[in-house]
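**Student:** The structure's right below; bear with me while I get my questions together.
The values are calculated or read from the model by the stated rules, or taken from the named source; none is laboratory data. Since this is a predicted model, take the numbers as computed values, not measurements. All Cβ positions, glycine included, derive from the backbone under ideal geometry; neighbour counts span all protein chains shown. Calculation scope for accessible area: heavy atoms of the full protein, side chains included, ligands and nucleic acids excluded. Shrake-Rupley method; radii C 1.70, N 1.55, O 1.52, S 1.80 Å.
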Amino acid sequence: MKKLIYPAIFYKEDNSFWVEFPDLEGCQSFADTLEQLHENAKEALAAYCVTLLEQNAPLAPPSDIYQITPPENAFVSLVDVDLIKKSQAVKKTLTIPSWLNELAEKSHVNFSSTLQDALMTKLSIGGH
């Protein structure tokens, strides 16, 4: 749920490479090698998605990779990003009933992870 996965089209032109995300208008990157392009694609995807979320703008759902036909000089691949790892942590203080706290602690619940999962579900983020 914390991870977003989008199809990307990878192109080769002369001695360089570039990538675009068909579902995310303007989300692109380039590099001299495919290895570097993959890293750049992940960074571009993370920056794009975090920016939209910070602006309270909706993220487009990812297309079915099998429905994308790349041009002759390109191929389609999935790119993933974990937004939780790409974001700065913010400490929050909250209140829950003591009985719920005791049950959760006995079950070794990770409170931060649980709250993040619940917030992402509530906000319809992730799960792609």
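**Student:** Can you name the number of the only condition in (1) at pLDDT below 85; (2) open to solvent by 60 Å² or more (accessible area, probe 1.4 Å); (3) of a type in the set (S, T, N, Q) that T95 fails?
**Tutor:** (1)
**Student:** Shifting gears a bit: Test F17 against the criterion of being aromatic (F, W, Y), free of Cβ contacts under 8 Å to residues at least 40 places away in the same chain and part of a strand (DSSP E or B), and give yes or no.
**Tutor:** yes
**Student:** Oh, and also: Is it the case that some residue within segment 50-59 is of a type in the set (S, T, Y) and modelled with pLDDT under 90?
**Tutor:** yes
**Student:** Identify all residues within segment 26-48 that are of a type outside the set (S, T, N, Q) and under 15 Å from the mean Cα position of the chain (by Cα); write none if there are none.
**Tutor:** C27, H38, E39, A41, K42, E43, A44, L45, A46, A47, Y48
**Student:** Residues of segment 21-47 being under 19 Å from L83 (Cα atoms) and part of a strand (DSSP E or B), which ones?
**Tutor:** Listed by number, the residues that qualify are Q28, S29.
**Student:** Could you check, for segment 66-83, whether at least one of its residues is of a type outside the set (S, T, N, Q), open to solvent by 100 Å² or more (accessible area, probe 1.4 Å) and closer than 27 Å to K122 by Cα?
**Tutor:** No, every residue in segment 66-83 fails to be of a type outside the set (S, T, N, Q), open to solvent by 100 Å² or more (accessible area, probe 1.4 Å) and closer than 27 Å to K122 by Cα.
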